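The values are calculated or read from the model by the stated rules, or taken from the named source; none is laboratory data. A quick note: this is a predicted structure, and the numbers were derived from the prediction, not measured. Positions of Cβ are backbone-derived with ideal geometry, glycine not excepted, and every protein chain shown enters the neighbour counts.
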Amino acid sequence: MKPDCADIEVTRLSKRFEQTITGEKVLAIRQLDFKVRAGEMVAIVGQTGCGKSTFLNLLIGLDRPTSGRIEIGGREPYEEFDYFRGVLATVFQQDRLLPWRSAMDNVRLPLELLRMDRGEQTRRAARWLDRLGLKGFEGAYPHELSGGMRQRVALARAFVVEPKLLLADEAFGHLDEVTAAALRKTFIDLARDQRSTAILVTHQLEEAIELGGRILVFGRPGHILSDIDLVSCSPSRLLSLRAEIQQMLQSNSSLSQ
Amino acid sequence: MPTSEAVGAVEARMPLRFPREAVLVLLGLAALWETASFFVQPFVVPGLERIWHSLISLRWDYVLVTLARVLAALLISFVLGVGVAVAMYQWPACERYLRPIVRLLMAVPVVCWILFSVLWFKWVEFRIAFVLIVVCAPVFTVDFLDGMKGVQQELREMLRSFRPTRTQFFSKLLLPGALPVLLTSWKINLSLAIRVVTIAELVGAVSGIGYGLVIAQELFSVADVFAWTMVLVMILFVLEALLTRVEMRMLRWRT
């Protein structure tokens, strides 16, 4: 059974990697500490190499923390991996669609893993494809679709399980400006509609601000430089926010070099 | 509404066209052969009419016997080869121990396997099956293992994020991901098996195309040898064409 809420608690989380060639240990995340309330929308911004994607992998449960703890609804996603089946869904940078599956079959994939009734799978997948403007393309293979359409299928694949926690890893960064803006809006609207907790990892400040919830600014190695609540931000601060975050990242970058 | 790319993909899936060039080349070769038969002794280059007579008087039940041997051995090789590949993929220690054995099996020449089979086993059918399986199964193993390992890391992460069971990970990702490689190894093994079975049947078999060739050689009948060769080549062409159709159907998602 799915948990009722997906609040996230990160406590003194660190992740260290061993480099394959040199064998040198590299710290990717350092003593990360923060909480996310259920239903909250959080953007994580930071420069390349600040541990954003590493953090996301820890949150998905694909990787084990070196120290500290990460909990979703009170449970650890790596240790209790199977518990989170159907609870969280991720939209990746590239669409990562299975090329041998049609749009419909790609969207049905997570439902197949949940062993849902086949008729119900088809109905739900068709509904989500329709919501994402892909009616009529159910039978199309990924190579027959444009980049934007493929990412829409990937969004449908994530939303079809009606997840409690939605993760997006630079999900719109590779698309052109217009398509990215449209998809971003769709993502935000649908996440709000589903009342899912949403974590959006991005290096684009506009994208983070557009999410309209909270921004966590990551420094190198992965730690929080600033935690900004956009809801309580005054209009004047909102205007200067972009410059403020940029300056923050630049000074962190010069310190870490 | 289909996109223009979709239309292009549909066109790419059109049925095979008539192989005009291939037919012309074959007709040209036949004409050359027939011309040569006028100048050379008939027991060296028999005329087409003589070959035709050999062809219609062949023991066609031998063709069925050989085909049955090939298909049965290929199916067993497939099951064994894929099973070993899955075990090697699942347990790295298993791969470390089995890989040298698989490589060793692949390095031994076919003729040595035939000699071993004659020396080790009494039952003719078992000898032939042994040779075919020991030659074909490692090809399936190596190809399928490489195919599974070749599945993109990004796709693995994507599927893992949805938390599949081991069986689901295999059936939804690894198997379809390795399918193109697997179909190619079927093609390779098919032509390998047709050639190997004939040699295996030359030693001790009392039925099959290989046996038919032994009889033809004992009778010094080049026409019969030629007719059997044509049958073998035709079998290979037909089976390959069938596999190509299966491949086109199963891999229709490719551009």
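Annotations for the structure displayed:
- If only residues of the range A:44-87 that are over 16 Å from A:T202 (Cβ atoms) and in a strand (DSSP E or B) are counted, the one that is farthest from the other protein chains (Cβ to nearest Cβ) is A:S67.
- Filter result for A:G61 (surrounded by 23 or more Cβ atoms within 10 Å (Cβ to Cβ) and free of Cβ contacts under 8 Å to residues at least 40 places away in the same chain): yes
- Among the numbered conditions (1) outside any loop (DSSP other than H, G, I, E, B); (2) in contact with a helix residue (DSSP H, G or I) (Cβ under 9 Å, 6 or more places away or on another chain); (3) within 28 Å of A:V87 (Cβ to Cβ), the only one that B:P164 does not meet is (1).
- All helices (runs of 4 or more DSSP H) inside the range A:157-257 with 2 or more residues being surrounded by fewer than 16 Cβ atoms within 10 Å (Cβ to Cβ) and under 15 Å from the mean Cα position of the chain (by Cα): A:177-194
- Taken over the range A:4-19, the criterion of being surrounded by 18 or more Cβ atoms within 10 Å (Cβ to Cβ) and over 13 Å from A:G51 (Cβ atoms) is satisfied by A:A6, A:D7, A:I8.
- Subset of the range B:216-255 that is free of Cβ contacts under 8 Å to residues at least 24 places away in the same chain and not in a helix (DSSP H, G or I) - its residue that is nearest to B:V44 (Cα to Cα): B:L219
- Some residue of the range A:20-37 being buried (at least 23 other Cβ atoms within 10 Å of the Cβ) and on the phi > 0 side of the Ramachandran plot: no
- Residue in the range A:202-212 that is out of contact with any Asp or Glu (no Cβ under 6 Å at 6 or more places or on another chain) and farther than 23 Å from A:Q94 by Cα present: yes
- Hits in the range A:88-111 - residues which are in contact (Cβ under 8 Å) with a residue 60 or more places away in the chain and more than 9 Å from chain B (Cβ to nearest Cβ): A:V91
- Output for the range B:219-255, where each listed residue is within 14 Å of chain A (Cβ to nearest Cβ) and out of contact with any His (no Cβ under 6 Å at 6 or more places or on another chain): B:E247, B:M248, B:R249, B:M250, B:L251, B:R252, B:W253, B:R254
Here is a yes/no grid of residues against (1) under 23 Å from B:I56 (Cα atoms); (2) under 21 Å from the mean Cα position of the chain (by Cα); (3) hydrophobic (A, V, I, L, M, F, W, C); (4) surrounded by 14 or more Cβ atoms within 10 Å (Cβ to Cβ):
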{"residue": "B:T198", "(1), (2), (3), (4)": "yes, yes, no, yes"}
{"residue": "B:I209", "(1), (2), (3), (4)": "yes, yes, yes, yes"}
{"residue": "B:L219", "(1), (2), (3), (4)": "yes, no, yes, no"}
{"residue": "B:L232", "(1), (2), (3), (4)": "yes, yes, yes, yes"}
{"residue": "B:T244", "(1), (2), (3), (4)": "no, yes, no, no"}
{"residue": "B:R249", "(1), (2), (3), (4)": "no, yes, no, no"}
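- Search result, residues across the range A:141-150 that are over 12 Å from A:S102 (Cβ atoms) and in a loop (DSSP other than H, G, I, E, B): A:S146
- Residue ID - farthest from the other protein chains (Cβ to nearest Cβ), chosen from residues in the range A:112-140 that are out of contact with any helix residue (DSSP H, G or I) (no Cβ under 7 Å at 6 or more places or on another chain) and in a loop (DSSP other than H, G, I, E, B): A:D117
- Members of the range B:30-65 that are within 16 Å of B:F220 (Cβ to Cβ) and among the charged types (D, E, K, R): B:R50
- Residues located in the range A:73-130, provided they are surrounded by fewer than 17 Cβ atoms within 10 Å (Cβ to Cβ) and under 17 Å from A:L190 (Cβ atoms): A:R127, A:D130
- Out of B:S185, B:S77, B:S191, one residue alone is exposed (fewer than 15 other Cβ atoms within 10 Å of the Cβ), part of a helix (DSSP H, G or I), under 15 Å from the mean Cα position of the chain (by Cα) and away from chain A (no Cβ under 14 Å). It is B:S191.
- Pairs, first closer than 20 Å to A:E112 by Cβ in the range A:142-158, second among the basic types (K, R) and not in a helix (DSSP H, G or I), C-beta under 7 Å, six or more apart: A:A154/A:R96
- Selection within the range A:148-184 - more than 14 Å from A:E210 (Cβ to Cβ) and charged (D, E, K, R): A:R150, A:R152, A:R157, A:E162, A:K164, A:D169, A:E170, A:D176
- Search result, residues across the range A:23-37 that are modelled with pLDDT of 90 or more and assigned to a loop (DSSP other than H, G, I, E, B): A:R37
- Residue that is closer than 20 Å to B:F78 by Cβ and among the β-branched types (V, I, T), where the choices are B:I114, B:I133: B:I133
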